[in-house]
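The values are calculated or read from the model by the stated rules, or taken from the named source; none is laboratory data. Because the structure is predicted, anything quoted here is derived from the model rather than measured. Quick reminder, even Gly has a Cβ in these numbers, built from the backbone with ideal geometry, and neighbours come from all protein chains shown. Remember, those area values only see protein heavy atoms, side chains included, never the ligands or the DNA or RNA. Shrake-Rupley method; radii C 1.70, N 1.55, O 1.52, S 1.80 Å.
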Protein chains: 4
Amino acid sequence: MKPTYVSVIGGGDCTAAEQALAEEVGRLLAAEGSTLVCGGMGGVMEAAARGAKEAGGTTIGILPGHDRTQGNRYLDYVVTTGMGHARNLAVVSSGDVVIAIGGGYGTLSEIGLAAKIGRTVVILGGWQLEGGESIDDIHYASSALEAIRLIRRTLGPA
Amino acid sequence: MKPTYVSVIGGGDCTAAEQALAEEVGRLLAAEGSTLVCGGMGGVMEAAARGAKEAGGTTIGILPGHDRTQGNRYLDYVVTTGMGHARNLAVVSSGDVVIAIGGGYGTLSEIGLAAKIGRTVVILGGWQLEGGESIDDIHYASSALEAIRLIRRTLGPA
Amino acid sequence: MKPTYVSVIGGGDCTAAEQALAEEVGRLLAAEGSTLVCGGMGGVMEAAARGAKEAGGTTIGILPGHDRTQGNRYLDYVVTTGMGHARNLAVVSSGDVVIAIGGGYGTLSEIGLAAKIGRTVVILGGWQLEGGESIDDIHYASSALEAIRLIRRTLGPA
Amino acid sequence: MKPTYVSVIGGGDCTAAEQALAEEVGRLLAAEGSTLVCGGMGGVMEAAARGAKEAGGTTIGILPGHDRTQGNRYLDYVVTTGMGHARNLAVVSSGDVVIAIGGGYGTLSEIGLAAKIGRTVVILGGWQLEGGESIDDIHYASSALEAIRLIRRTLGPA
């Protein structure tokens, strides 16, 4: 069976609490055998990748620039795009589901792009979205464990 | 003086009320000499372009596909990108400010991308965003006239 | 009738001869009513836009960055993409046909992208391509006038 | 030490000879420990990935669409972009060097994009480029072994 890919999205600048949350999410995803996809830079992206590596998982980073060495050091595989923020589409597209951590604008754009192309999104702290078409595709979790449970509903058991 | 560019973003599917709002926004922007940029398709995009043309304005559409004839008929100039939803970045980047109408996911992604690259966004119905970094760059308007007034604060007088 | 769009592609660095050629192409295209599309920067792009404006034509520039003011001063309308060299696809996609001037690598990539999506390409100095599938879609001209004649075969009379 | 990434580019439609060549290139790259990057579809891309897997290597595919299952079956890791031919930039950007096989237009665009962003390109059959700035960055090989030797000059010993 092909492994599940989960994209963890979040800003390069983040709080210590968001970092801890991202790291826990990374660990849990790796523990159940999912491959972690992220934007490859610092902050939430780095913490999630670190967590995944702590649990023996596999990590893929998709960078905005052309220089592979700019990726954080917890990435097993790096794709460079040279397309700036347009790479956000590739980050969310590459996951079977998406977990969003924190309230950055780039993260907001990725939530929108993910839902637009039909990826289930779980928001774990940060943005709360009202007034739009968010009922079926965007879910809210209050802990890393709940986020994992929510994506399992979409993906089926690990 | 180079004219102001204003990107009006919104879904291809929209309500009659959103359509009327988009058309009014297009008219008001054209009346004060702004060039209208949009995603070039139907719904909000078409209504905004129609409004701008009614008031004698200029309209530019930036399409997701490769076929120029897919643009709505109120476009003066059409750019095709062939990049799917990644073209959303070009749509918001090309405006000096951005007005968002309606609650679609593509619109949500454009609000995020616009704010990420430093464009002021005025939301006119649809998404209400809490919990993130929206205080300075994202504004809410309850009428087309108020939206225009809000973007004028950013752009200076027409 | 919607006007023809012709994309003129070529490097930001170019020789004086290439600049003169680009300017003549721009003039001829404008004289027969075509809208000129280009990458919006200097060199061939600027010269072609200048030629088009001298003959009263309309010019559109599609920029790699996010700053509209970086476009050359002969552009009537500017789209910014923020996607770096990925914007090359939008430049060639937006033209009904493409004229390439000069031997830069970016130009080479645009010739390939244009032909890949079915645009007829006329090469006017610079690259000579052998060994590939260039027989039907890529033509060679030795003067600006011949380039215009060749694109007319594809587009029909102006 | 981080492994070398080599992008092998070539069309989805290719001859049996090109397929055999791509497979051999994939095998040789894997044998010396390089990670293979490709566009993830059929033809040259599939043959190169198959060769790499035969030799126990690692393969990454970067797809034009949003559906991971469209990648060929010899890919270890798949990134989906949803950007159509704009994904060509990510394919060549992700390699430290690029090997091109066959004469397709997409391949031509990738040769141009690769050289534009400073990647050394080795052409192994297919396009012969004259008249442009190809002297330093684009090399020609007449066998898979020679292609590997040429990229080793750029990358240093494996």
If you check B:Gly57 against the conditions, is it out of contact with any Pro (no Cβ under 6 Å at 6 or more places or on another chain), part of a loop (DSSP other than H, G, I, E, B) and closer than 20 Å to B:Glu110 by Cα? no
Which one of these does B:Gly51 not meet: (1) more than 11 Å from the chain's Cα centre (by Cα); (2) within 14 Å of chain C (Cβ to nearest Cβ); (3) open to solvent by less than 10 Å² (accessible area, probe 1.4 Å)? (2)
Among the candidates A:Ile138, A:Ile151, single out the residue that is of a type in the set (A, V, I, L, M, F, W, C) and within 13 Å of chain B (Cβ to nearest Cβ). A:Ile138
Give me the residue from the stretch B:54-66 that is over 17 Å from the mean Cα position of the chain (by Cα) and within 10 Å of chain C (Cβ to nearest Cβ) and, out of that set, surrounded by the fewest Cβ atoms within 10 Å (Cβ to Cβ). B:Gly65
Any idea which of B:Thr35, B:Thr59, B:Thr69 is farther than 20 Å from C:Val78 by Cβ, out of contact with any Gly (no Cβ under 6 Å at 6 or more places or on another chain), at pLDDT 95 or above and of a type in the set (Ser, Thr, Tyr)? B:Thr69
How do the pairs read when you match residues in the stretch C:37-66 that are farther than 19 Å from C:Asp96 by Cβ with residues anywhere that are buried (at least 21 other Cβ atoms within 10 Å of the Cβ) and of a type in the set (Ser, Thr, Tyr), using Cβ under 6 Å and keeping only pairs 6 or more apart or on different chains? C:Arg50/C:Tyr74; C:Lys53/C:Tyr74; C:Leu63/C:Thr80; C:His66/B:Ser93; C:His66/C:Thr80
Residue pairs meeting the criteria (Cβ under 9 Å; at least 6 apart or on separate chains; first free of Cβ contacts under 8 Å to residues at least 24 places away in the same chain, in the stretch A:131-152; second assigned to a loop (DSSP other than H, G, I, E, B) and of a type in the set (A, V, I, L, M, F, W, C)): A:Gly131/B:Trp127; A:Gly132/B:Trp127; A:Ser134/B:Trp127; A:Arg149/A:Ala141; A:Arg152/A:Ala158
Residue among D:Gly125, D:Gly104 that alone is within 7 Å of chain C (Cβ to nearest Cβ), farther than 18 Å from A:Leu89 by Cβ and in contact with a strand residue (DSSP E or B) (Cβ under 8 Å, 6 or more places away or on another chain): D:Gly104
Looking at the stretch C:67-80, is at least one residue of a type in the set (Ser, Thr, Tyr) and within 16 Å of C:Gly26 (Cβ to Cβ)? yes
Just give me the residues in the stretch D:80-100 being farther than 11 Å from D:Ser7 by Cα and more than 9 Å from chain C (Cβ to nearest Cβ), in sequence order. D:Thr80, D:Thr81, D:Gly82
